[in-house]
Amino acid sequence: MADKHARSASCRGCGTMQVHHRLLDSDPDYAARQAQIEELAFRARRAGSPLREGCTRIPVVVHVVHHTAEQNISREQVESQIAVLNQDFRAQNPDRQQIPEPFIELAGDARVQFVLASVDPDGNPTEGITRAQTPRDSFDVDDSVKSTASGGHDAWPADRYLNIWVCQLRAGLLGYAQFPGGPAATDGVVVTYTAFGTTGTATAPSNLGRTTTHEVGHWLNLRHIWGDDGDGCSGSDFVDDTPNQAGPNTGKPTFPTVSCENGPHGDMFMNFMDYVDDDTMSMFSRGQVARMHACLDGPRSHVGERVPCAAADAVASGNGP
């Protein structure tokens, strides 16, 4: 059995649960909405509800908030990230071949497509990218990057777009997301500029776009695969086909990595919702796909539209908002 304490000593630096707990502590309505969302997800899970037909196409706006010229990432870098999302959420990522044989049948196609928005909130043509220079050296999980007044950029309407902010986050923080049910003004995903996309400023081991895949998973109501209970075995990600595991895996674990008596196959460490390096992540499980679809049928039902599924490399800029 691997040393879970050693594996937890470093991590991807996801701040999603910090945001979640802050909202739980500060907003009673958020707690009530979370309870309702989880009840809907539980009912869908218990009933084995069928997946949505076709694919869901979600318009994306990327807000590039830069203090230096380097942080003002190129359109090509943004497009490289959209391409990764379309591969990962369609189970068309080339590295899915590295999924261990016992987990191959559990890998699922989320049937979600992402396109840079072609129309802005006022109905004007857009390339789906905004740019704002900031006097701030870096941002944290306090959501200041999501407000023009605090040196960031205001969100576009959360019921029409997936907002992604790219900026310099504080040291050790790669990204964070807001679960469904939070305030519309702060809804979306934040990723540090050195972990976004696959080109330009993207830096190993976070240079394959998987930080954004991970955070968009949170945005679609996925939890960390170990259940966020520290290194214990009592937490849950509310998904039945992801093995129980003791804390996050980091780096490049070897298969099998056993914890929580989950042998012989051990942890599903190659899951996008663990903390391993970008080149070691390769799958969502079918149970996670079902949970994302419950989210798209529930709290995210106003975002995007259903369309026939297309190959990941055929999805470009969309006709949506």
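Structure notes:
- Choice from VAL191, VAL119, VAL145 showing the highest fluctuation, given a GNM over the chain with Cα pairs closer than 10 Å: VAL119
- Counting all C-alpha pairs of the chain, share separated by more than 24 Å (%): 50 percent
- Hydrodynamic analysis of the stretch 70-164 uses the Kirkwood radius over alpha carbon pairs. Inserted into Stokes-Einstein at 10 °C and 1.306 mPa s, it gives a translational diffusion coefficient of 99 µm²/s.
- Angle between the chain longest axis and helix 28-47 axis [Cα atoms, degrees, rounded to 10]: 50 degrees
- Computed on the chain, with alpha-carbon pairs under 8 angstrom and 6+ residues apart, the relative contact order is 27 percent.
- Tail beyond 21 Å, pair distance distribution of the stretch 171-296 (Cα, percent): 40 percent
- Tail fraction, Cα-Cα pairs, the stretch 29-75, threshold 16 Å, whole percent: 68 percent
- Both radii come from the Cα set of the stretch 190-260: Rg as radius of gyration, Rh as Kirkwood radius; their ratio Rg/Rh reads 1.03.
- Long-range amide H partners of TYR275 with built H, under 5 Å: ASN249
- Total charge dipole magnitude, the chain, about the Cα centre, Cβ charges on Lys, Arg, Asp, Glu only, Debye to nearest 20: 340 debye
- By average C-beta atoms within 10 angstrom, highest first, the peptides 86-99, 205-218: 205-218, 86-99
- Working from the Cα coordinates of the stretch 232-321, the gyration tensor eigenvalues give, after taking √(5λ), semi-axes of 31, 17, 10 Å in decreasing order.
- MRE, 222 nm, helices only [DSSP H, n ≥ 4, -39500 (n - 2.57), over the chain, to nearest 500]: -7000 deg cm²/dmol
- Compared with the dominant principal axis of the Cα atoms in the chain, helix 286-297 is inclined by about 40°.
- Total formal charge among the other residues, if their Cβ is under 9 angstrom from that of ALA312, Lys/Arg +1 and Asp/Glu -1: -1
- With 10 Å bins from 0: P(r) over the stretch 1-127, alpha-carbon pairs, percent: 9, 19, 35, 31, 6, 0
- Amide hydrogen proximity for GLN113: with H placed 1.01 Å from N in the peptide plane, the residues at 5 or more positions away or on another chain lying under 5 Å are THR56, ARG57, ILE58.
Coordinate-derived values only; no laboratory data. Not measured: the values here are computed from a predicted model. Neighbour counts run over all protein chains shown; Cβ positions are idealised from the backbone, glycine included.
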